[in-house]
Amino acid sequence: MRVAAVLVALQGVGLVILAGMTLFSGIAHGARAAQLGAQVAYFVILGGLLVLVCAGLLRGRRWARTPALVAEVVVFAVGMWMAFPSARLAPGLAIMVLGAAIFVMLVTPSANHWIRQFPAPFGIGEGR
């Protein structure tokens, strides 16, 4: 679970780096300020949210696993888009493997055991 959480955080950091690259590229190519600002803000917010999800996973917060799983489905879909319609087979397959690997790490029996050692939210299911 810790490895998966760190990889999710690295994806978040990658989005923040992408935001910086988008900003510099947009400025260099004379992009419209409103559109550029929206793109940069989008990447920064998503990256920050992934880092928060990582913190939640490391603390055993059950709420954090669902957004992490959704993020990995999106990562897999982006990799699929890169590999096939965009004809970037190698990077696309690498991204697909990364998304699938993190997804699997988050649903393994050891991940379930990790999450169960922490209290359930609102005391749900604690009578068992």
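The numbers here are math on the coordinates, done by the rules we state, and not lab data. Keep in mind the model is a prediction, meaning the values are calculated, not measured. Every residue, glycine among them, receives a Cβ derived from its backbone with ideal geometry; neighbour counts consider all protein chains shown.
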| Expressed as a whole number of Å, what is the distance separating the alpha-carbon centroids of the range 2-18 and the range 47-114? | 10
| message | Please list, in order along the range 59-69, the HN-Hα scalar couplings obtained from phi with the Karplus expression 6.51 cos²θ - 1.76 cosθ + 1.60 (θ = phi - 60°), rounded to whole Hz, x for Gly and Pro. | response | 8, x, 6, 5, 4, 6, 5, 4, x, 5, 5
| request: Would you work out which of 20, 119, 75 lies farthest towards the positive end of the dipole of the chain? Charges go on Cβ: Lys and Arg +1, Asp and Glu -1. | output: 119
| query | How large is the charge dipole for the range 2-119, taken about the Cα centre, if only the Cβ atoms of Lys, Arg (+1) and Asp, Glu (-1) carry charge, to the nearest 20 debye? | reply | 320
| request: Obtain the radius of gyration and the Kirkwood radius of the chain from its C-alpha atoms and give Rg over Rh. | output: 1.08
| said: Can you sort 80, 105 from fewest to most other Cβ atoms within 10 Å of each residue's own Cβ? | reply: 80, 105
| query | Which FRET efficiency value, to the nearest 0.05, is calculated for residue 38 and residue 74 with the Förster distance at 22 angstrom and r the Cβ-Cβ distance? | reply | 0.70
| task | Be a star and scan the range 34-60 for residues whose amide nitrogen sits under 18 Å from the point 7 Å along the Cα-to-Cβ vector of residue 6. | result | 51-60
| Against the longest alpha carbon principal axis of the chain, how many degrees, from 0 to 90 and to the nearest 10, is the axis of helix 89-107 turned? | 20
| query | Going by alpha carbons, how many degrees (0 to 90, nearest 10) lie between the helix axis of 2-28 and the longest principal axis of the chain? | reply | 20
| remark: CD proxy, 222 nm, the chain: helix-only mean residue ellipticity via -39,500 (n - 2.57) per DSSP H run with n ≥ 4, per residue, nearest 500, stands at -26500 deg cm²/dmol
| message | Sorting check: for 22-31, 62-71, which peptide has the highest mean count of neighbouring beta carbons within 10 Å, and how do the rest follow? | response | 62-71, 22-31
